[in-house]
1. Please enumerate the residues belonging to the range B:393-422 that are part of a helix (DSSP H, G or I), within 9 Å of chain A (Cβ to nearest Cβ) and among the hydroxyl-bearing types (Ser, Thr, Tyr).
2. Determine which member of the set A:Glu141, A:Glu134 is open to solvent by 80 Å² or more (accessible area, probe 1.4 Å), part of a helix (DSSP H, G or I), over 17 Å from A:Thr79 (Cβ atoms) and not aliphatic (A, V, I, L, M).
3. Just checking, does the range B:379-399 include any residue being closer than 23 Å to B:Asp128 by Cα, surrounded by fewer than 21 Cβ atoms within 10 Å (Cβ to Cβ) and of a type in the set (A, V, I, L, M)?
4. Quick check, is B:Ala287 open to solvent by less than 10 Å² (accessible area, probe 1.4 Å) and under 12 Å from the mean Cα position of the chain (by Cα)?
5. So which residues in the range A:64-77 are crowded, with 19+ Cβ neighbours inside 10 Å and under 21 Å from A:Val144 (Cβ atoms), if there are any at all?
6. How many of the residues in the range B:317-374 are β-branched (Val, Ile, Thr) and away from every other protein chain (no Cβ under 13 Å)?
7. Can you tell me which residue among A:Ile65, A:Ile56 is over 30 Å from B:Asp369 (Cβ atoms) and out of contact with any strand residue (DSSP E or B) (no Cβ under 7 Å at 6 or more places or on another chain)?
Amino acid sequence: MKQFKPFVFGAAAALALALTPQADAVEVDDAQVMANTCAGCHGPDGSSRGPAAPTIAGMSPEIFIDAMKDYREGKRPGTIMPRIAKGYTDEQIKLMAEYFAKQPFMRFAQPHDAQLAAKGAKLHERYCEKCHEEGGKASAEAGVLAGQWLPYLHYQLEDYLADKRAYREKNMQKRLSELIEKEGQEGLKAVLHFYASQK
Amino acid sequence: MNRMHRRTFLQGLGAAVAVGAVGAPSLALGAAKKVVIVGGGTGGATAAQYLRRYDPSIEVTLIEPNKEYYTCYFSNLVIGGLRSLDSIRHTYDGLAKRGVKVVHDTVTAIDGTAKQVVTASGQKFAYDRCIVSPGIELVYTGVEGYSQEAEKAIPHAWKAGEQTAILAKQLQEMPDGGQVVMVAPPNPYRCPPGPYERASLIANYLKQHKPKSKLIVLDPKEKFSKQGLFTAAWKNHYSGIIERLGPDMAGTKFTVDVKTKTVKCDAGEFKADVLNIIPPQRAGKIAQVASLTDEKGWCPVNQHTFESKLVPGVHVIGDAAIAGQMPKSGYAANSQAKVCAMAVALLLNGKEPLKPAYTNTCYSFIASDQAVSVAGIYELKEGAIVEIAGGLTPADAPEAILRREAEYAESWYKNIITDMFG
């Protein structure tokens, strides 16, 4: 009997292991359940495959929360989001904000004019970098612009310039009008192409 | 541990194994938990994707007869000549890469007692839980004179692929001045705005390529999805091209003469150059065979877990399921699949399902570069899925907004496809 001891123990351990529910195998929480409902339009984990719907991965939670509440309360124009945002409570919005903030912003190649983008890089440095840091990649203080889908950026600017969307920072309004005044619509377009060129 | 203690311990363990074996055999044997998914459309593919994501230890087998999948959504763009058929074709390679075992075969039986799925080729697949996403079955007899045999001459194009190509080709070959007739289906059916998006895009095609032609829609329903938006679009863009006759004019009974492509109804006889009949529908055939359907042909489910109310251990999602106020749309199937995958993953780990969250977002093209949308956010209330927010594109939305919606619709397609098949 003695010589079988290790075997018996081994078998018992294996059986005990087999009986233990694989508690660590399943990974799903309320935040994922909420956030995954967005994937059909904004892409899996919030990184949109384009060509227009914005990537919401890697957003600062504050900006996500403000955007959703503004849509919900009719303070920000949109197509479908004002209707969708009305379905969520503050707590649910916070859960989704925290989830998407943790996801990497995946950048995909998109059509852009390389010459315009080169010009836009310089203009970005002059007019936008102060808040949209790291070439528009930083997310701590402002919206991520680098790699964002060009039609979406274009729509947002249209709304800002038509006074339909309120500026989060007064300074943006100032810098934007300076950019247009000195560089014209072509300058504005160049900056957008710079963001579209970022990988 | 002395001898007696050891024996007691082992006996206890043996008893535990025996008990476990009754409830969850694969767990007790230390084997992987098995989920078999029947049907590789939007619901099935999404469920496979999210099960692997929520619990990679689950062995997921997806059984689907076709090696390629054509989405029903965006197939109206193919019919209207705005997209290639190839652009709505997708393969299962992405799912296989995610560790889903993809089997191309037809499921012929689901044995809820033996927990086993049987296929046409005689293969048997054991499951701990089964997810059925069977889509719809067309009830050809719902339109007198119509049949499956007639579908090549008179396409329904309500399952995408060859049928889509046939209808597109017939429109292309029709001479200018021809008459297109569509028979719309009665409720409930897959994709509520689908017939009207199709009417818009056929009219868009006729307007551009065959301006002397006409489209007549014979509709057994008084009201339909996005009605105000479609009606306004038809007036704006296709005045004199689309004529819709509702039940007040056409009645609800349609008879077709296949040889002459003529439809008879209360409004008279309509001879078509191109005839598109969308027959009444019920849950996909395997749901009927596996006794998952009620007397009306749809599947009653627990709207939290999507477990069948008729066969325990089998879940039904997508068009076939009775899912409260959610429509039978692709996005709804995608959303239900995620809720179901969450519930199944947790149940297989001996845990309670979390609070569900459901969404629907559906775009319909009204012209080449303009679309309208409907959105819905749903909650589970007293066991039923109810809409708590959402709604339609505003009736006064300017064209600039409708063009943005068309761009977002293109994004919707790319993103939902990646979510399912990526």
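The values are calculated or read from the model by the stated rules, or taken from the named source; none is laboratory data. The model shown is predicted, which means the values in this text are computed figures rather than measured ones. So basically every Cβ, Gly included, is an ideal-geometry build from the backbone, and we count neighbours across all protein chains shown. In case anyone asks, the SASA skips ligands and DNA or RNA and just uses the protein heavy atoms, side chains included. Shrake-Rupley method; radii C 1.70, N 1.55, O 1.52, S 1.80 Å.
1. Within the range B:393-422, B:Tyr408, B:Ser411, B:Thr418 meet the criteria.
2. Details: A:Glu141 fails: part of a helix (DSSP H, G or I).
The conditions single out A:Glu134.
3. Within the range B:379-399, the first condition is being closer than 23 Å to B:Asp128 by Cα, and the residues that meet it are none.
The answer is no, given that none of the residues of the range B:379-399 is closer than 23 Å to B:Asp128 by Cα, surrounded by fewer than 21 Cβ atoms within 10 Å (Cβ to Cβ) and of a type in the set (A, V, I, L, M).
4. Details: open to solvent by less than 10 Å² (accessible area, probe 1.4 Å): yes; under 12 Å from the mean Cα position of the chain (by Cα): no.
Taking the combined requirement at face value, the residue does not satisfy it.
5. A:Phe64, A:Ala67, A:Met68, A:Asp70, A:Tyr71, A:Arg76
6. 3
7. Numbers: A:Ile56 fails: over 30 Å from B:Asp369 (Cβ atoms).
After ruling out the rest, the residue left standing is A:Ile65.
Matching residues to (1) of a type outside the set (Asp, Glu); (2) within 14 Å of chain B (Cβ to nearest Cβ):
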| site | (1), (2) |
| --- | --- |
| A:Pro61 | yes, no |
| A:Asp66 | no, no |
| A:Lys75 | yes, no |
| A:Thr79 | yes, yes |
| A:Pro82 | yes, yes |
| A:Lys86 | yes, yes |
